[in-house]
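Read through the structure below, which is laid out as structure tokens, and then see the notes.
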Amino acid sequence: MKTPKELKVKPIRNGTVIDHITANKALNVIKILELPSEKSAVTIAMNVHSSKMGSKDIVKIEGRELKSGEVDKIALIAPNATINIVREYEIVDKSEVHLPDEIKNILECPNPNCITNTDEPVETRFSVIEKEPVILRCYHCERIMTKEDIEAQFKLF
Amino acid sequence: MVVNHQKDIISIKDLSKKDIDYILKVAEKMEPIARSKKRSTVLGGKMLGMLFYEPSTRTRISFETAMKRLGGSTIGFLEAGVSSATKGENLHDTAKIISEYADAIVIRHNMEGAARYVADSVDVPVINAGDGAGQHPTQTLLDLYTMKRIVGKTKDLHVSLVGDLKYGRTVHSLAYALAMFGVDMSFISPRELRMPKDVLHDLSKLGVSVEETENINSVLDKSDVLYVTRIQKERFPDPEEYSKIKDAYMIDLKLLKGTDLIVMHPLPRVNEIAYEVDNTPYGRYFEQAFYGVPVRMAILDLLIKNSEEI
Ligand SMILES: [Zn+2]
């Protein structure tokens, strides 16, 4: 069993630990994951020392196992994040996040003249055309969205 | 569509080279009908819904002519001012209602992505007739058709795009389509109005060689086509700067003398092509505008007939 101290915050019994989140991005991560929900307690650690990354953030979600598919979208802002599934205090599964080919609904198009920035009942869709650094293309207006555009959107949070 | 099972024509990027070739081939068959030398009723009883949220007389008349030459008719509104569009009904609901009446929809809208959105919202085929600064694929197709008809080829061409290459949406899609056909291009523009980087990036991926220059004289000898676009005064804060550039890119007979190229323009022109060019073998922009009719006939025929087969 891994020593819980390594994670710097109180261990969870059952649930998910998202580790190696880019420092100071934990709040954005939980926003993207639409957490906390009613059922799950969420613990956040920010700017924790990391031998691999210098410093990192950690998010722990008690009582909910996130499948890698539903977490992949956080790769937009935390490309090195790892997902640990915990059962009875033990890590039973470990995986990395992979940016999906399409991002739905999370982002707003930076083009003010895009149809998605109106009152029309339309969801945003972006296809990932470049992964490192990330470049997206709006499905509707075909404009390019860069890493800077993405980060600007999460700044307000 | 028949070739690629496309329901709609929204962006030139949705079409393969094979799709484009097919549309141009059908357009050729449509030409005698467009010129009133033959009659057709292939779309008899069919209805084209026109959603023109922005005035664009030339595009609208071209589509209307195409539909009527094939025996069909048109419904819809031509400017937001005469419809519920101003009373706050959203685009989604308006398009839904028209789609219940019409066999296909043509939409012109001031917002980018509007046509894609409508295409996803309705079951009938949708044709994008211009969405803001976005796409206008039938313009690109008629440009290609014009080159094919007049120069006689879409291979081994050299096309020079002149003018506002930054904001002019027609040149972006045209450059992309030409690159699909492996056509080498020269881009001639003032420094401030150069082809955007993401367009250049797309072109380099398609493996064609492009040259960027500010000097129009340097490309005349190698060009088969000079595709001219308007440089808008508003792009230049300094009126003196604008007038210098305007003169440097003015196309007149003195410039064209001794060359073996054709001049195209998406129209309307303001003063970038001298009137003296109009009735010479160089000036082909009115012919180009006419070719919009057979090309749109081909598209309407392919899309509407296809919807019958499903
Ligand atoms: Zn957009």
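Quick notes
- Scope the range A:117-133; condition closer than 20 Å to residue A:73 by Cα, out of contact with any helix residue (DSSP H, G or I) (no Cβ under 7 Å at 6 or more places or on another chain) and within 13 Å of the ligand (Cβ to nearest atom); matching residues: A:123, A:125, A:126, A:127
- Filter pass, residue B:200 being in contact (Cβ under 8 Å) with a residue 12 or more places away in the chain and surrounded by 13 or more Cβ atoms within 10 Å (Cβ to Cβ): no
The rows are residues; the columns are (1) in a strand (DSSP E or B); (2) within 23 Å of residue B:175 (Cβ to Cβ).
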{"site": "B:202", "(1), (2)": "no, yes"}
{"site": "B:212", "(1), (2)": "yes, yes"}
{"site": "B:237", "(1), (2)": "no, no"}
{"site": "B:241", "(1), (2)": "no, no"}
{"site": "B:259", "(1), (2)": "no, yes"}
{"site": "B:267", "(1), (2)": "no, yes"}
{"site": "B:281", "(1), (2)": "no, no"}
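- Residue selection: residue B:83 satisfies the criterion of being at pLDDT below 95, among the polar types (S, T, N, Q) and either in contact with a Phe, Trp or Tyr (Cβ under 8 Å, 6 or more places away or on another chain) or not assigned by TED's automatic domain parsing to the domain that holds residue B:224 (or both).
- Scanning the range B:14-31 turns up no residue that is among the basic types (Lys, Arg) and touching a strand residue (DSSP E or B) at 6+ places or on another chain (Cβ under 9 Å).
- The range B:14-123 holds helices (runs of 4 or more DSSP H) entirely within its bounds, and those carrying 2 or more residues that are more than 14 Å from chain A (Cβ to nearest Cβ) and among the hydrophobic types (A, V, I, L, M, F, W, C) map to B:17-34, B:57-69, B:91-101.
- Selection count where residues are aliphatic (A, V, I, L, M) and either surrounded by fewer than 18 Cβ atoms within 10 Å (Cβ to Cβ) or within 12 Å of the ligand (Cβ to nearest atom) (or both), scope the range A:134-157: 5
- Some residue of the range A:82-93 being more than 14 Å from the chain's Cα centre (by Cα), assigned by TED's automatic domain parsing to the domain that holds residue A:59 and part of a loop (DSSP other than H, G, I, E, B): yes
- Selection within the range B:132-177 - crowded, with 19+ Cβ neighbours inside 10 Å, over 12 Å from the mean Cα position of the chain (by Cα) and within 14 Å of chain A (Cβ to nearest Cβ): B:132
The values are calculated or read from the model by the stated rules, or taken from the named source; none is laboratory data. Just so you know, these numbers come straight off a predicted model, no measurement behind them. We place every Cβ from the backbone using ideal geometry, glycine too, and count neighbours over all the protein chains shown.
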